[in-house]
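Notes follow the structure.
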Protein chains: 2
Amino acid sequence: MFQSNITVTLRKSILDPQGKAVEHAIHSLGYTLVEDVRIGKHIQLSINSPSKEEAERITDDVCKKLLANMVMEDYTFTVEKVR
Amino acid sequence: MFQSNITVTLRKSILDPQGKAVEHAIHSLGYTLVEDVRIGKHIQLSINSPSKEEAERITDDVCKKLLANMVMEDYTFTVEKVR
């Protein structure tokens, strides 16, 4: 069993209004040293594949086809063996 | 300048209907080896603090007070120096 941890983030050039809203909320709590906030998605997959390579291939396919919008988002992931 | 990468996830005992929906979508793409999907949030903060300790303290405070609902969510974060 392998576990993939995927992070999907908006590309740098894309405005992130949700991040801006959270930034304002953080500032109103008094944490003015926080200068920029970007919000993304975190997805964890449990994959019952025979090898790590297969788990990585499945994760990459699923990101491209379903989890990330390649026009405006980037993704990174790590795969590790569990159990 | 420091960068915090925060992951907020639902606690194990909390049902994740969004994850279940994505799991069904992944299965209908033919990837039946994927057995469980959990969805969380990823938040990236840029913090203009003098020290890493200060950046970690700010990140932890902001998670507890704003970003994570401590009743049903867990959070982890890493802080690294940038620039």
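Checked against the criterion of being polar (S, T, N, Q) and closer than 23 Å to A:Ala25 by Cβ, the candidates B:Thr32, B:Thr7 yield just one match: B:Thr7. All conditions in (1) of a type outside the set (A, V, I, L, M, F, W, C); (2) closer than 24 Å to B:Leu45 by Cα; (3) touching a Lys or Arg at 6+ places or on another chain (Cβ under 8 Å) hold for A:Lys52, with the sole exception of (2).
Scanning segment B:59-71 for residues that are over 13 Å from the mean Cα position of the chain (by Cα) and over 20 Å from A:His24 (Cβ atoms) gives a single hit, B:Val71. Inspection of segment A:31-52 finds a residue satisfying the criterion of being of a type in the set (Lys, Arg) and exposed (fewer than 14 other Cβ atoms within 10 Å of the Cβ). Which fully enclosed strands (runs of 3 or more DSSP E) of chain B have 3 or more residues being in contact (Cβ under 8 Å) with a residue 40 or more places away in the chain and at the interface with chain A (Cβ under 7 Å from one of its Cβ atoms)? Passing ranges, in order: B:34-47.
Each value in this text was obtained by applying a stated rule to the coordinates, not by laboratory testing. Everything numeric here is computed off the predicted structure, so don't read it as measured data. As a convention, Cβ positions derive from the backbone with ideal geometry for all residues, glycine included, and neighbour counts pool all protein chains shown.
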